[in-house]
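One structure is given here, and the rest of the page talks about it.
The values are calculated or read from the model by the stated rules, or taken from the named source; none is laboratory data. The model shown is predicted, which means the values in this text are computed figures rather than measured ones. Because the Cβ atoms are built from the backbone with ideal geometry, glycine has one as well, and the counts that use them run over all protein chains shown. To get the accessible areas, we keep the full protein, side chains included, count just its heavy atoms, and leave off ligands, DNA and RNA. Shrake-Rupley method; radii C 1.70, N 1.55, O 1.52, S 1.80 Å.
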Amino acid sequence: MGVQSGGRYASAEMEEGGAVKVMDQFFYGLLEIVHAAPMNYTAARYFLFVALTVVLYYVLPRKVRWTVLMISSGYFYYVVSDDRRQLLVFAMSIAISYFAGILMEKIREQNTWARIALGIGIIASAAPLIASKCGDFLTGSVMHRPMVPWIIPIGLSFYSMQMIAYLADIYKARITPQKNLLKYALFISFFPIIIQGPISRYDQLESQLFEGHSYDNERLMRGIQLILWGLFLKYLIADKASVVVDTVFDSYPKYAGFYILTAAVLYSIQLYADFLSCVTISQGVAGLYGIELTDNFSRPYFSTSVKEFWRRWHISLSGWLRDYIYIPLGGSRKGKIHKYGNLVITFAVSGLWHGGRWKYLFWGLMHAGYQIAGDLLYRPKDYILERLSLPQGSKMRKALEMTATSFLVSTAWIIFRASTLKTGVQMILSMFSTFNPWIFFNDSIFRLGLTQREFGVLSCSVLIFVTISLMQEKGIEVRGWFNRQNTAVRWAIYLCGFWCMWLFGTYGHGFNAADFIYGGF
């Protein structure tokens, strides 16, 4: 009897030990999966990392909460860096720009030496960016050789702009330099924005980053809502549209005419949804800590001119180019000839910022040409439209100008997306030289990678996006309306959104949802 009892106890202990072993194996396996998973803005590992830092942020005393953001940003940058030498380049840029800012403050009255300190700081901040862009331009576009394998730190195109703006603002006495090196490093490396922006100014983030915020449940929910909206834009619009875009652009000259037009329109939608998705997720994540990031888009495809488009598109970059390139060159203060020259230089810089290729330079110059032509033709255009009974402010005129602006922008995007400048020009010419509207009626359009059902999902998703954008354009605060609904309605919408993304989103084997387009710049 005792033996049997002991046997039962032994068996129970063995079963308990086996269960513990299984649980240990499960959790160790989970940790290995999480550690091996990619750290990007749509990965489960990233959101687990964010959740952990949010808990730590609000558990610790307010005065040290900025250290959670600093350590988290350092860890994130370490994980996403492909080459550890990138960390050295990044650290050196931070250190040099930090000490240049401190030095400028100390010798502010000595104008010559202050300018020298500014120049050294800007050169150190911009040198890796210039080297990577010019190196690619010389080897790839001029010498037609393989690209130079530069050690390019992650987020270089974005944090370099922040450093330059920081130093220029100190020189102009708009801000005072940060005395704490670690706090300055946090400003440059803040992980929600390091890879794709928005390009933030020091005075926008100074108090938000370093002064701990109290926990606010409503603010936390707003951040989660932004993250969900960003994922919707990524999975149901950007990545679904990319299937058709890649098919057409990667297989030219197999396609022409309305195929090119369709791909151009879908690429405009893809690029906008993709970039807005990343920025929205970044705003949502930053909002979890009580930090508000600047908006980077203001419904640009409702613009009635290319000039207005650039006031609404990539606002942080446009503002940077205006404040640190266009205005220092003289802006529009010295007559139209100088103004047009300054526009050409500014948009040439914008083009080369996107990449060291002829196509990016040409794309930038196209937008400069659009703006110059728009300025020169403004009065004749206004006269013609008035004679056609389309006065300023009429809905028909606004719709016509919006359509024309979107067409010009989409045409330029063909150059931007094509493999080479020559291919882009050929695609634009073939779009006008081939007339094949029947592709929309004989199912040819459904042979570009998306079935009729998937096109329907994309169309419905774009319709939702446009509807919400129209409401925002009219001043309706969509999130305010959403937050006024009762808990049951809000959670029903959350669950429906999750279900739609899970069921209809474009992802699968070989698909990397982390490959945001602007992450490549």
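For this structure, a couple of remarks:
- Restricting S277, S268, S282 to residues that are assigned to a helix (DSSP H, G or I), closer than 30 Å to G393 by Cβ and open to solvent by less than 10 Å² (accessible area, probe 1.4 Å) narrows the list to S268.
- Pairs meeting the criteria (first residue in the stretch 393-416 and over 11 Å from S268 (Cβ atoms) and touching a residue at least 24 places away in the same chain (Cβ under 8 Å), second residue open to solvent by 30 Å² or more (accessible area, probe 1.4 Å) and of a type in the set (A, V, I, L, M), beta carbons under 7 Å, at least 6 apart or on different chains) are I415/M366; I415/L421.
- Residue within the stretch 410-419 that is loosely packed, with under 14 Cβ neighbours inside 10 Å and of a type outside the set (V, I, T) present: yes
- Number of the condition not met by T42 [criteria: (1) open to solvent by 80 Å² or more (accessible area, probe 1.4 Å); (2) more than 22 Å from T176 (Cβ to Cβ); (3) not in a helix (DSSP H, G or I)]: (1)
- Lone unmet requirement of (1) open to solvent by 30 Å² or more (accessible area, probe 1.4 Å); (2) under 15 Å from the mean Cα position of the chain (by Cα) for H213: (2)
- Any hit, the stretch 416-437, residues being farther than 30 Å from W358 by Cα, at pLDDT below 95 and polar (S, T, N, Q): yes
- Helices (runs of 4 or more DSSP H) lying entirely in the stretch 333-429 (those with 3 or more residues that are under 21 Å from S318 (Cβ atoms) and of a type in the set (F, W, Y)): 336-354, 358-376, 395-417
- Where a residue in the stretch 176-198 is at negative phi and its partner, wherever it lies, is open to solvent by 10 Å² or more (accessible area, probe 1.4 Å) and charged (D, E, K, R), with Cβ under 8 Å and at least six apart: T176/E105; P177/E105; Q178/E206; F187/E206; P198/D295
- Within the stretch 192-214, the set of residues being part of a helix (DSSP H, G or I) and either under 15 Å from D295 (Cβ atoms) or of a type in the set (S, T, N, Q) (or both) comprises Q204, L205, S207, Q208.
- Qualifying positions in the stretch 375-398 - of a type in the set (S, T, N, Q), within 35 Å of the chain's Cα centre (by Cα) and open to solvent by 80 Å² or more (accessible area, probe 1.4 Å): Q392
- The listed residues are F441, F432, and the only one of them that is surrounded by 12 or more Cβ atoms within 10 Å (Cβ to Cβ) and without any contact (Cβ under 8 Å) to a residue 24 or more places away in the chain turns out to be F432.
Yes/no matrix, rows are residues, columns are (1) more than 26 Å from L205 (Cα to Cα); (2) within 21 Å of the chain's Cα centre (by Cα); (3) acidic (D, E); (4) modelled with pLDDT of 95 or more:
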{"residue": "E308", "(1), (2), (3), (4)": "yes, yes, yes, yes"}
{"residue": "L321", "(1), (2), (3), (4)": "no, yes, no, yes"}
{"residue": "R333", "(1), (2), (3), (4)": "yes, no, no, no"}
{"residue": "V344", "(1), (2), (3), (4)": "yes, no, no, yes"}
{"residue": "Y370", "(1), (2), (3), (4)": "yes, no, no, yes"}
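- Tally, over the stretch 230-247, of residues that are more than 30 Å from P192 (Cβ to Cβ) and crowded, with 23+ Cβ neighbours inside 10 Å: 1
- For D382: the one exception among (1) at pLDDT 95 or above; (2) out of contact with any helix residue (DSSP H, G or I) (no Cβ under 9 Å at 6 or more places or on another chain): (1)
So that you can scan it fast, the table gives a plain yes or no per residue for (1) of a type outside the set (A, V, I, L, M); (2) open to solvent by 70 Å² or more (accessible area, probe 1.4 Å); (3) in contact with a Lys or Arg (Cβ under 9 Å, 6 or more places away or on another chain); (4) closer than 25 Å to L231 by Cβ:
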site: L450; (1), (2), (3), (4): no, no, yes, yes
site: E454; (1), (2), (3), (4): yes, no, yes, yes
site: I464; (1), (2), (3), (4): no, yes, no, yes
site: I468; (1), (2), (3), (4): no, no, no, yes
site: Q472; (1), (2), (3), (4): yes, yes, yes, yes
site: F482; (1), (2), (3), (4): yes, no, yes, yes
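- Checklist (1) open to solvent by less than 70 Å² (accessible area, probe 1.4 Å); (2) over 24 Å from S282 (Cα atoms); (3) within 27 Å of the chain's Cα centre (by Cα) applied to A114, failing item: (3)
- Entry remark, the stretch 322-339: residues being surrounded by 14 or more Cβ atoms within 10 Å (Cβ to Cβ) and within 20 Å of A373 (Cα to Cα) number 6 in total.
- Failed criterion for S316 (all others in (1) open to solvent by 40 Å² or more (accessible area, probe 1.4 Å); (2) of a type in the set (S, T, N, Q); (3) touching a Ser or Thr at 6+ places or on another chain (Cβ under 8 Å) hold): (1)
- Screening N342 with (1) touching a residue at least 40 places away in the same chain (Cβ under 8 Å); (2) open to solvent by less than 30 Å² (accessible area, probe 1.4 Å) gives one miss only, at (1).
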